Amino acid sequence: QVQLVESGGGLVQPGGSLRLSCAVSRIVFSTYTMGWYRQAPEKQREFIAVITSGGNTNYADSVKGRFTISRDNAKNTVYLQMSSLKPEDTAVYYCNVIEAPANWGQGTRVTVSS
């Protein structure tokens, strides 16, 4: 059973930055495409970024130019660098395996507020 453990969230002021991490275990991490998602209060979970095994990336329009997804295959970890944060980025952030989605982890909460 794949395990996903997200971390790095917190409270940040508008315009600030955070880096989220997602540690993945029990798969051959380097061969899978990984995605980041988020769920804002009273909204459905939405896709925000993806990175392939080869390092190609794509983003939702809402975060393009502000967020950067990356991965470290030696550490079985995918990252989400978030900059120029806005109050509407407030959500619980999750990662998952694109080709073979696992049970969702606990997520990491990001609150953007002054």
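Which percent of the accessible area of the chain is formed by carbon and sulfur heavy atoms (probe 1.4 angstrom)? Intermediate values should be presented prior to the final figure.
Numbers: 2710 of 5950 Å².
The C+S portion of the solvent-accessible surface of the chain is 46 percent.
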Gaussian network model of the chain, Cα within-10 Å springs - most flexible of 26, 71, 45: 26
Interchain or long-range residues, amide H under 5 Å from residue 102's placed H: 97
Listed residues 93, 79, 32 arranged by accessible area, highest first, probe 1.4 Å: 32, 79, 93
Residue 11-residue 25 pseudo-label distance in nm [points 7 Å out on the Cα-to-Cβ vector]: 3.1
For the chain, built as a Gaussian network whose Cα springs stay under 10 Å, the top-fluctuating residue of 62, 25, 83: 62
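Skip the ligands, DNA and RNA, and give the accessible area per residue of the chain with a 1.4 Å probe, whole Å². List each step's numbers first, then the result.
Numbers: 5950 Å² over 114 residues.
Averaged over the residues of the chain, the accessible area is 52 Å².
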Two-site FRET efficiency, residue 98 against residue 42, from Cβ-Cβ distance with R₀ of 25 Å, rounded to 0.05: 0.45
Convex hull volume per residue for the stretch 35-102, taking Cα atoms only, in Å³: 95
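Normalised by the number of residues in the chain, what is the relative contact order in percent for Cα pairs under 8 Å and 6+ residues apart?
On the way: 274 pairs, mean separation 43.2, N = 114.
After rounding, I find 38 percent.
Apply the Kirkwood formula to the chain: the hydrodynamic radius equals the inverse of the mean of 1/r over all pairs of different alpha-carbon atoms; give it in Å with one decimal.
Values: mean 1/r = 0.0719 Å⁻¹.
Roughly 13.9 Å, rounded to one decimal.
The values are calculated or read from the model by the stated rules, or taken from the named source; none is laboratory data. As the structure is a prediction and not an experimental result, all values here were calculated from the model. As a convention, Cβ positions derive from the backbone with ideal geometry for all residues, glycine included, and neighbour counts pool all protein chains shown. Just the protein is used for accessible areas: all its heavy atoms, side chains included, with ligands, DNA and RNA removed. Shrake-Rupley method; radii C 1.70, N 1.55, O 1.52, S 1.80 Å.
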